[in-house]
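S.K.: The structure is given below, and queries will be raised subsequently.
The values are calculated or read from the model by the stated rules, or taken from the named source; none is laboratory data. Just so it is clear, the model here is predicted, and its values are computed rather than measured. Cβ coordinates were reconstructed from backbone atoms using ideal geometry, including for glycine residues, and neighbour counts include every protein chain displayed. What goes into the accessible areas is simple: the full protein's heavy atoms, side chains included, and nothing from ligands, DNA or RNA. Shrake-Rupley method; radii C 1.70, N 1.55, O 1.52, S 1.80 Å.
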Amino acid sequence: MGNISIRETWSREHSTCSFLYELQQNYTAVTEFFLIGLSHYPSLQISLYALCLVMYLVIILGNSILIIISIQDPRLHTPMYFFLGNLSFLDICYTSSSIPPMLVNFTSVRKSISFTGCALQMVISLGMGCTECVLLAVMAFDRYVAICNPLRYTIIMNKGLCVQMATWTWASGFLYSLLLTLLAMMRPFCNNIIDHLTCEILALLKLICGDISLNVFVMTVGNFFFLVFPLLLIFFSYVFILSTILRINSSEGRKKAFSTCSAHLTVVILFYGSALFMYMKPQSKDTKTSDELIGLSYWVVTPMLNPIIYSLRNNDVKQGVEKVLMKNLYLRRK
């Protein structure tokens, strides 16, 4: 019996050692990642560098202007523009976490990013993306209260509630992105070559050796709470908004009510269209070039268009820009 026990113990220990050895042979201790997205199209990378640089400058300028006028113009000290200022600041941070490193990689031969830098980029970009999903739903609720319950708008959407909603929106997005990033970065990696332009979560999961069922489960739950659920809230908000607008007797009143929502609705369609394509479609093992180009529109085009859409479709923003410009010109002349 003693000999059998010893043999069984030795057998278990030998099996454990063999498993650990095989696991060690199958994954690489990663200290950096190589981003090879679109690297097989060198001429396209040069064009994308120039295009992304121009668009990034437009993002910084346009969203900064929206933040400045929403602070300086007293007429824009309303919940709508408070959330719009949050959206503009979010877009600046979101694009700043991914576009500058991407521009460096476009002109770099090595195209690498450190392990810590990759994790930080993923936390910020994923957190900002999730925050924007919830923030757009909050903005839809604000428009619902303003149009469907205008007499109680200032009571319901008071300053305290707006600050609380914005705080929880930012906190939920970052907590989820931190959890998802930790779950991914703590796994063993088979290699350190990311077939993408940035440290994107779906591309990174393809490098993990072993079971990623927990990662997939957390991401599936997150997709519901940060994509599907906010989108349903936006949809039902606009169903009530549309029914209220159609009951307005004057055509001028209907036009004015719809104009306050059209900019937000356009941004929602652009943002959720690319986000749903990226995260809700079936994932193939190999990253396609079309996925990376769609990702560019998700990271760059939408944040660039947000201030343009709100400026073109909102008279208050136009007047605020004119007022700030005239004020600055007057001060300079003095």
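S.K.: Restricting to the stretch 118-167, give me the number of residues that are among the aliphatic types (A, V, I, L, M) and not in a helix (DSSP H, G or I).
M.R.: So the answer is 1.
S.K.: Taking Thr169, is it within 16 Å of the chain's Cα centre (by Cα) and closer than 25 Å to Glu32 by Cβ?
M.R.: Judged against the criteria, Thr169 is not a match.
S.K.: Let me ask something additional. Checking the structure you have, find out if any residue of the stretch 244-264 is touching a Leu at 6+ places or on another chain (Cβ under 7 Å), surrounded by 13 or more Cβ atoms within 10 Å (Cβ to Cβ) and closer than 24 Å to Gly127 by Cα.
M.R.: no
S.K.: Additional query: Pick from Val221, Val228, Val163: which is modelled with pLDDT of 90 or more and open to solvent by less than 60 Å² (accessible area, probe 1.4 Å)?
M.R.: Only one candidate passes the filter, namely Val221.
S.K.: Do we find a residue being in a helix (DSSP H, G or I), more than 18 Å from Thr167 (Cα to Cα) and free of Cβ contacts under 8 Å to residues at least 12 places away in the same chain anywhere in the stretch 75-83?
M.R.: Checked against the condition, which is being in a helix (DSSP H, G or I), more than 18 Å from Thr167 (Cα to Cα) and free of Cβ contacts under 8 Å to residues at least 12 places away in the same chain, the stretch 75-83 yields no hits at all.
S.K.: For the stretch 68-91, give me each residue that is β-branched (Val, Ile, Thr) and surrounded by fewer than 19 Cβ atoms within 10 Å (Cβ to Cβ).
M.R.: Within the stretch 68-91, Ile68, Ile71, Thr78 meet the criteria.
S.K.: Identify, by number, the condition in (1) open to solvent by 10 Å² or more (accessible area, probe 1.4 Å); (2) under 28 Å from Ala119 (Cα atoms); (3) among the β-branched types (Val, Ile, Thr) that Thr181 doesn't meet.
M.R.: Of (1) open to solvent by 10 Å² or more (accessible area, probe 1.4 Å); (2) under 28 Å from Ala119 (Cα atoms); (3) among the β-branched types (Val, Ile, Thr), only one is false for Thr181: (1).
S.K.: Then there is this: Does the stretch 168-187 include one or more residues that are in a loop (DSSP other than H, G, I, E, B) and more than 19 Å from Phe83 (Cα to Cα)?
M.R.: yes
S.K.: Let me ask something else about it. Which of the residues spanning the stretch 29-45 are open to solvent by 40 Å² or more (accessible area, probe 1.4 Å) and among the aromatic types (Phe, Trp, Tyr)?
M.R.: Phe34, Tyr41 - these are the residues of the stretch 29-45 that are open to solvent by 40 Å² or more (accessible area, probe 1.4 Å) and among the aromatic types (Phe, Trp, Tyr).
S.K.: Please give the number of the condition Ile269 fails out of (1) open to solvent by less than 20 Å² (accessible area, probe 1.4 Å); (2) at pLDDT 80 or above.
M.R.: Here Ile269 clears every test but (1).
S.K.: Then there's this: Could you check Leu204 against (1) in contact (Cβ under 8 Å) with a residue 12 or more places away in the chain; (2) outside any helix (DSSP H, G or I) and say which number it fails?
M.R.: (2)
Residues are listed down the side, and each one gets a yes or a no for (1) of a type outside the set (S, T, N, Q); (2) within 19 Å of the chain's Cα centre (by Cα); (3) open to solvent by less than 10 Å² (accessible area, probe 1.4 Å):
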| site | (1), (2), (3) |
| --- | --- |
| Leu136 | yes, yes, yes |
| Ala146 | yes, no, no |
| Phe174 | yes, yes, no |
| Phe189 | yes, no, yes |
| Leu202 | yes, yes, no |
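S.K.: Give me the pairs, please: first residue somewhere in the stretch 112-137 and more than 23 Å from Phe34 (Cβ to Cβ) and without any contact (Cβ under 8 Å) to a residue 12 or more places away in the chain, second residue anywhere and small (Gly, Ala, Ser) and open to solvent by less than 10 Å² (accessible area, probe 1.4 Å), beta-carbon distance under 7 Å, and either six or more positions apart or on two chains.
M.R.: Partner pairs satisfying both residue conditions: none exist.
S.K.: OK, next. Restrict the check to the stretch 111-122 and report whether at least one residue is farther than 16 Å from Leu90 by Cβ, of a type in the set (A, V, I, L, M) and open to solvent by 30 Å² or more (accessible area, probe 1.4 Å).
M.R.: yes
S.K.: Would you confirm whether or not the stretch 46-60 contains a residue that is of a type in the set (S, T, N, Q), open to solvent by 40 Å² or more (accessible area, probe 1.4 Å) and at pLDDT 85 or above?
M.R.: no
S.K.: Ile208 fails exactly one of the following numbered conditions: (1) farther than 30 Å from Phe106 by Cβ; (2) modelled with pLDDT under 90. What is the number of that condition?
M.R.: Ile208 satisfies all of (1) farther than 30 Å from Phe106 by Cβ; (2) modelled with pLDDT under 90 except (1).
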